[in-house]
Amino acid sequence: MMLFVGYSYAQAVYPGFPEKFDTQLEKDDYKDAEIQLSTGLWRLKGVKLVAKKNGIEVEDDGTKGLMFRSNSTRLFVAEMKFDLQDGVYKVTVMASSPGKDVSCKWILQASTDGGKKWKRVSNEVLTNNKTPKEQVFEVNIKDPVRFRILKLGLGSVKEDPSIENGRLVIDNFTVYKK
């Protein structure tokens with residue numbers, strides 16, 4: 001178990017986390033699906049599993065990440081289908097916008113009622129870095145909770161070059177116990 005000290009008490013990472021999305025399963029399209037990963041069952045909508053190196057899609061280097069679609073008005077989701085029972089202090093996520101893509105915007109949401117209702121726990125995150133960058137969210141939730149990443153559907157850069165709606169790559173989704 002990893003411990004992090006620096007606050008009034010040590011913070012432990014939940015067992016099985018970080019979710020690195022490294023799996024033998026393949027999901028090379030953006031169709032909706034539920035996939036069993038090392039931490040539990042995840043729902044992916046407009047998201048595929050990609051092999052990556054430094055956050056950029058490659059042929060295969062043995063590691064994977066989640067890649068969200070670009071240039072759409074639809075919202076795309078990577079959602080935990082399970083609860084973490086002991087509450088959560090913070091969540092960290094590695095995020096990048098691959099290749100020559102324009103930046104993109106996304107938010108982190110949480111549900112304390114088994115996924116019936118979702119509340120925003122972050123402001124909009126603008127990701128425009130090609131190299132993965134850690135995003136840190138102090139959420140301080142005491143109840144059983146699950147999370148999802150919601151990539152905003154802002155439209156197509158082909159229709160309006162000012163739209164920031166490139167692809168999003170997510171990796172190392174880490175959840176710290178309360």
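Hey, does the stretch 34-43 have a residue that's crowded, with 18+ Cβ neighbours inside 10 Å, of a type outside the set (A, V, I, L, M, F, W, C), at pLDDT 90 or above and not in a strand (DSSP E or B)? Yes, some residue in the stretch 34-43 is crowded, with 18+ Cβ neighbours inside 10 Å, of a type outside the set (A, V, I, L, M, F, W, C), at pLDDT 90 or above and not in a strand (DSSP E or B).
From the set of residues in the stretch 76-86 that are over 11 Å from the mean Cα position of the chain (by Cα) and of a type outside the set (A, V, I, L, M, F, W, C), which is surrounded by the most Cβ atoms within 10 Å (Cβ to Cβ)? Among those that are over 11 Å from the mean Cα position of the chain (by Cα) and of a type outside the set (A, V, I, L, M, F, W, C), it is D83.
So for the stretch 54-66 (the condition being assigned to a strand (DSSP E or B) and modelled with pLDDT of 95 or more), does at least one residue qualify? No: the stretch 54-66 contains no residue that is assigned to a strand (DSSP E or B) and modelled with pLDDT of 95 or more. Restricting the search to the stretch 72-86, which residues are in contact with a strand residue (DSSP E or B) (Cβ under 8 Å, 6 or more places away or on another chain) and assigned to a loop (DSSP other than H, G, I, E, B)? If the condition is that a residue be in contact with a strand residue (DSSP E or B) (Cβ under 8 Å, 6 or more places away or on another chain) and assigned to a loop (DSSP other than H, G, I, E, B), then T73, L75, K81, F82, D83, D86 are the ones that fit. Scanning the stretch 91-106 for residues that are of a type in the set (D, E, K, R) and under 17 Å from E124 (Cα atoms) gives a single hit, K105.
The residue that is modelled with the highest pLDDT, counting only those in the stretch 87-117 that are in a loop (DSSP other than H, G, I, E, B) and crowded, with 19+ Cβ neighbours inside 10 Å, is S97. So for the stretch 144-157 (the condition being in contact with a strand residue (DSSP E or B) (Cβ under 9 Å, 6 or more places away or on another chain), surrounded by fewer than 18 Cβ atoms within 10 Å (Cβ to Cβ), modelled with pLDDT of 95 or more and not acidic (D, E)), does at least one residue qualify? The answer is yes; a qualifying residue exists.
The values are calculated or read from the model by the stated rules, or taken from the named source; none is laboratory data. As the structure is a prediction and not an experimental result, all values here were calculated from the model. Here the Cβ is made from the backbone with ideal geometry for all residues, glycine too, and neighbour counts use every protein chain on show.
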